[in-house]
Amino acid sequence: MEIYSFHTIQSYSEGFYKKSGSKFLAFAYPVASEDEIKSKIGGLKKKYYDATHHCFAWVLGADKAKFRAEDDGEPNHSAGDPILGQIRSKELTNVLVVVVRYFGGTKLGVGGLIQAYKSAAEEALNQATLIEEDVTMNFLVRYPYDETSEVMRLVKDFGTKILKQEYLEDCRLEIQVKQINRSSLLSKMELLQALSHKITFEPV
């Protein structure tokens, strides 16, 4: 089944939870790649270098197929999984939640830790604005200059977003297409290609 949209958070948000002296600072981010995730986590580890733990979870992709939960020294499944559970309970993706713990001197036990990390992550996500985004694909169109009007008509008809364009002897247009419009646009483009073999259309 094709996925045409997904839910994520609009911007950065924070949460906080305190239990038996331990402080749990939660940070939620919209993210688009694992490199961006690593950068966010690295920045928090640098800023909160004196914290006891930096636990996190993330989900990527419209199909939510890529994900990770990290306990960072806490008992197995007591930190990362509760954070991941909050992301999943809101059916979100392209989201990173990091919970930074400052130990307060009293052990909370596995049950207490699960509740603390869950509550901190939940608070951060509750503070975020949830948004729906379209699944998109990028395509590169090459065409002779005298076919510009035909190509631009297709771009307009299907509400595609122009990312780059070059008007040379061989014109190039990089466009972003909503997944829901992809099949219809491809059919129209193939028809245009049949009329003019100089037009090419390929994913990038």
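Bear in mind that the values in this text are calculations on the coordinates, not laboratory data. Quantities reported herein were computed from a predicted structural model and do not represent experimental measurements. Positions of Cβ are backbone-derived with ideal geometry, glycine not excepted, and every protein chain shown enters the neighbour counts.
Can you run phi through the Karplus equation (6.51, -1.76, 1.60; θ = phi - 60°) for region 12-20 and list ³J(HN,Hα) in whole Hz, with x for Gly and Pro?
Those phi angles translate into 4, 8, 10, x, 8, 8, 10, 8, 6 Hz.
So what's the back-of-envelope 222 nm ellipticity for the chain, counting only DSSP H runs of four-plus at -39500 (n - 2.57) apiece and dividing by all residues, rounded to 500?
-11000 deg cm²/dmol
With +1 assigned to the C-beta of every Lys and Arg and -1 to the C-beta of every Asp and Glu, and no other charges, what is the dipole magnitude of region 5-132 about the Cα centre in debye, to the nearest 20?
The calculation lands at about 360 debye.
Multiply the residue separation of LYS66 and LYS46 by 0.36 nm, subtract the distance between their alpha-carbon atoms, and state the gained length in nm to one decimal.
That works out to 4.6 nm of additional length.
Against the longest alpha carbon principal axis of the chain, how many degrees, from 0 to 90 and to the nearest 10, is the axis of helix 80-89 turned?
50
For labels at GLU91 and LYS107 in the simple 7 Å Cα→Cβ model, what's the distance in nm?
Taking the simple label geometry, GLU91 and LYS107 are separated by 4.1 nm.
Could you go through region 61-71 in sequence order and give the Karplus-derived ³J(HN,Hα) for each residue, using 6.51 cos²θ - 1.76 cosθ + 1.60 with θ = phi - 60°, rounded to whole Hz, and x for Gly and Pro?
The phi angles translate into x, 4, 8, 6, 6, 9, 7, 7, 10, 10, 8 Hz.
Could you give the length gained on full extension between MET1 and ASN76, defined as 0.36 nm per residue of separation minus the Cα-Cα distance, in nm?
Numbers: separation 75, 0.36 × 75 = 27.00 nm, distance 3.43 nm.
Taking 0.36 nm per residue and subtracting the Cα distance, the gain is 23.6 nm.
Calculated from the structure, Cα Rg over 2.2 N^0.38 Å equals which of (i) 1.38; (ii) 1.30; (iii) 1.06?
Matching entry in (i) 1.38; (ii) 1.30; (iii) 1.06: (i).
Once you place label points 7 Å from the Cα toward the Cβ at SER183 and PHE16, how far apart are they in nm?
Result: 5.1 nm between the two label points.
Enter the angle in degrees (range 0 to 90, nearest 10) between the Cα long axis of helix 179-195 and the first principal axis of the Cα atoms of the chain, meaning the one along which they spread out most.
The two axes meet at around 20 degrees.
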